[in-house]
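Since the structure comes first, as structure tokens, the remarks are kept for the end.
The values are calculated or read from the model by the stated rules, or taken from the named source; none is laboratory data. None of the values given here were measured: they were computed from a predicted structure. Neighbour counts are summed over all protein chains in view; Cβ atoms, including those assigned to glycine, are modelled from backbone coordinates with ideal geometry. Ligands, DNA and RNA are excluded from the accessible area calculation, which covers all protein heavy atoms including side chains. Shrake-Rupley method; radii C 1.70, N 1.55, O 1.52, S 1.80 Å.
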Amino acid sequence: MRAPAIAPCPLPAGMGATVTEDGIAFAVFSRHGERVSVCLFDAGGEHEVARLPLPCRSGDIHHGFLPGAGAGLHYGLRVEGPFQPDRGHRFDLSKLLIDPYATRIDRPFRWDPRLAQFGEDTADLAPRCVVEGRLGAPLLPPAPAGTEGAGENPAFIYELAVKSFTMRHPEVPERLRGTLAALTEPAIVAHLQRLGVSHVELLPLAAWMDERHLPPLGLANAWGYNPVNFFALDPRLAPGGRADLAKLCKAYAEAGIGVILDMVFNHTAESDEFGATICLRGLDNAVYYRHAADDPGRLVNDTGCGHTLALDRAPAVRMAMDALRYWRRLGAAGFRFDLGTVMGRNEQGFTPDAPLLCAMLQDPDLSQAILIAEPWDVGPGGYQLGRFPAPFAEWNGRYRDDVRRFWRGDGGMAGALATRLAGSSDLFAADHRGPRASLNYIAAHDGFPLADLACFAAKHNEANGEDNRDGENDNHSWNNGTEGLSDDPDILAARARDIRALLATLFLSRGIPMLTAGDEFGRTQHGNNNAYAQDNAAFWLDWEHADEKLIAFVAELARLRREHPLLSLDNFLTGAGDPPDAVWLKPDGSRIEDAEWSGLDALCLHLSGDGESLLIALNRARETVPLRLPGGRWERLIPSTEGADGEMPARSAGIWRKV
């Protein structure tokens, strides 16, 4: 049988492998590579059957056409070029590479030291890319802006990791646990609807590889923040490929829920100079990754992961934009960007006018999607909260810290708490952005879960195998008198009050509330505040022991927020109007004077507008405080802790409506 041959062809419009009526067109970027070859494998993806150099080069794009080929083809790439680490070049013909535009791989990535050893062939280690057919028209047209549910205005975001969320759920069939398909099970959808979730935010779905230090410790990456490329779903989460995500997005849209994807555009699993050569490093390390201006061999590490993607360069910008458009066509309502400051970096530092940010905002579709930035990285000037351009929302770490510190009992925090409760105008108003620019959260996947904030004053990360050195040291947490588990009824009651007060604060604040899966029923990580490596039953969500009363409380908070728009308007409070839109009061009903803020343990916010008046009251003191409501008759809507009328119970947050 005659070996296949790749024919010359005009420059394809798309990158990667594009199926046409007559075959497959390949296009691969490599500026410094001398020759790019496509390695074909048999139908099972086990044996290499041909190695075919791409015959054409147009600028930095190597391309060619394989006639008669179609969907289902297994392939990889190899690139010839100089191995000159001191100049940023790490070409190695022995390495089988993943196409950065591959939309499917045939097996998960597994770390092996040979992936990092020059001259060591890795054909038996690397997954194979699998060509998928043309996507055609969008499988789920994005909902119009401003609509409820799967539209573009999130009301309540619920962050979840697919595997952790489903592995111990008793109503999910075992064969589906840990996959996207599990999320479409009726019990899962019903839980989200009961809570009133408008959007789920899925931790990364792109195929990832464990960090190299984890396998020797018997650990595995549980979160997926270590991708290899940005198009292929991890086959452990999506054994059916992109169809699994499209089905999920469609099912959730029908249930009134949008899907937000967590994107990691700041680094890849290739890590530092001792890491793997499996994709971008082998294609053109000097272009795709940022290197020191005075030392082209030294990787810039603004991510803490060993290197940083150069997202101000055209090939990387195009790759990121193509990935976002691809996920939108599968039904994603929007995106959350991990270490988003990297997206705005150029050689001089962060700028809101960086190429990738500008490209996104001029795109007629992406500019209308939900866009959420984690506004920091570990590089110089990395904390950029409040500096992303509209329509980005931002994870508000100031909100998280100020709310925690207020409820912990830190001195002088009432003013900061009031600013966060009112939408963080200090961070967003100057650029004409409203409270919805603030993504409010008290706990997220990274750090203590909500329940652990009131149970642990310090981190306990010994299970991660790093002698408790990893993870944040300052968590603004407390333990209510005993570190960790307790059977003391007084301590348990105190912790329960604190958890409910924190939840009420979140849902009574202007901005977009985000809750991490399991925090609505008291999940714990046993004091671990960096559980990225804990992919095991001890850290998967424990549905069997879920606190049903706490679930009902969260559902009621979300319902209250939906029914009372004063809590979620996208404008900052001014104190103007007749009656004023906002008045800050002491529990005795008198206005708070400027000099009094620093000493307050209890405060109230009187909101007025659209014919409605609401009063939010928070008391962090450990004793009940008498409450004098403004004139008229009031109905208490939500108490985080039961108490008599006319009082603010200890460690409580509540809301009243004037009737």
Report ³J(HN,Hα) in whole Hz for each residue of the stretch 295-304, in order, from the Karplus equation J = 6.51 cos²θ - 1.76 cosθ + 1.60 where θ = phi - 60°; Gly and Pro get x.
8, x, x, 9, 6, 7, 10, 7, 9, x
Around Cys604 (Cβ within 11 Å, Cβ-to-Cβ, excluding Cys604; K/R +1, D/E -1) the net charge comes to +2
Glu171 versus Glu466: modelled label distance in nm, points set 7 Å from Cα along the beta carbon direction:
3.8
Principal-axis tilt of helix 548-563 within the chain, Cα atoms, nearest 10 degrees
90
Mean separation of Cα contacts under 8 Å (at least 6 apart) over the residue count of the stretch 543-621, i.e. the relative contact order in percent, is 21
Please go through the stretch 283-316 and write out the trypsin sites (Lys or Arg not before Pro) that DSSP classes as loop and that have at most 15 other C-beta atoms within 10 Å.
none
Taking R0 as 45 Å, what FRET efficiency do you get between Asn473 and Leu11 from their Cβ-Cβ distance, rounded to the nearest 0.05?
0.30
Measure of compaction for the stretch 175-247 (Cα Rg per 2.2 N^0.38 Å):
1.26
So, for the stretch 354-395, what is the accessible surface per residue at a probe of 1.4 Å, expressed in square angstrom?
35
What's the extension gain from Asp363 to Glu647 if we count 0.36 nm per residue and subtract their Cα-Cα distance?
97.0 nm
Find how much the distance from Glu635 to Phe274 grows on full extension, using 0.36 nm per residue of separation minus their present alpha carbon separation; answer in nm with one decimal.
123.6 nm
Roughly how many percent of the accessible protein surface of the chain is carbon and sulfur, given a 1.4 Å probe and a whole-percent answer?
51
Fully extended, how many nm does the chain gain between Ser590 and Arg107 (0.36 nm per residue separation, minus their Cα-Cα distance)?
167.3 nm
Rolling a 1.4 Å sphere over the protein heavy atoms, what is the accessible area per residue of the stretch 423-562, to the nearest Å²?
37
Largest-first ordering by accessible area, 1.4 Å probe, given options Cys249, Cys305, Cys9:
Cys305, Cys9, Cys249
Cα-Cα P(r), the chain, percent of pairs per 20 Å interval:
18, 50, 26, 6, 0
Could you derive backbone 3J(HN,Hα) for the stretch 588-596 from the dihedral phi with the Karplus parameters 6.51, -1.76 and 1.60 (θ = phi - 60°), listing whole Hz in sequence and x where the residue is Gly or Pro?
7, x, 7, 5, 7, 8, 3, 6, 8
Neighbourhood net charge (10 Å Cβ-Cβ; Lys/Arg +1, Asp/Glu -1) for Phe41:
-3
Name the long-range amide H neighbours of Arg90: under 5 Å, sequence gap of 5 or more, or other chain; modelled H, no Pro or chain starts.
Gln84, Asn285, Ala286
With each label point set 7 Å from Cα along the Cα-Cβ vector, what nm distance links Arg236 and Phe118?
3.2
Between the stretch 239-269 and the stretch 616-659, what is the C-alpha centre distance in whole Å?
41
How many angstrom lie between the C-alpha centres of the stretch 207-231 and the stretch 1-67?
29
If each K or R counts +1 and each D or E counts -1, the residues other than Gly133 whose Cβ falls under 11 Å of its Cβ total +2
Among Ala316, Ile655, Ser608, flag the residue with its Cα farthest along the positive direction of the charge dipole of the chain, charges on Cβ as +1 for Lys/Arg and -1 for Asp/Glu.
Ala316
Debye log10 I(q)/I(0) for the stretch 540-610, one point scatterer per Cα, at q = 0.15, 0.26, 0.27 Å⁻¹:
-0.73, -1.15, -1.17
Over all directions, what mean area does the Cα convex hull of the stretch 38-96 project, stated in square nanometres?
5.1
Over the chain, calculate the relative contact order: mean separation of alpha carbon pairs under 8 Å at least 6 apart, over the residue count, as a percent.
11
Starting from the Cα gyration tensor of the stretch 433-525, take the square roots of the eigenvalues, sort them a ≥ b ≥ c, and report rounded, prolate or oblate (rounded when a/c is under 1.5, otherwise prolate if a/b is larger than b/c, else oblate).
oblate
Would the stretch 191-286 count as rounded, prolate or oblate if I go by the C-alpha gyration tensor, calling it rounded below 1.5 in a/c and otherwise prolate when a/b exceeds b/c, oblate otherwise?
prolate
Output row, site Phe83, 7 Å Cα→C-beta label point, backbone N cut-off 14 Å, window the stretch 103-118, residues 114-118
May I ask you to derive the FRET efficiency for Asp322 and Asp547 from their Cβ-Cβ distance with R0 = 35 Å, giving the value to the nearest 0.05?
0.20
From the square roots a ≥ b ≥ c of the eigenvalues of the alpha-carbon gyration tensor of the stretch 499-647, which class results: rounded (a/c under 1.5), prolate (a/b over b/c), or oblate?
prolate
Of all DSSP beta bridges in the chain, antiparallel share, percent nearest 5:
70
Quick one: the Cα spread of the stretch 573-659 along its three principal axes, in angstroms, biggest first?
35, 32, 18
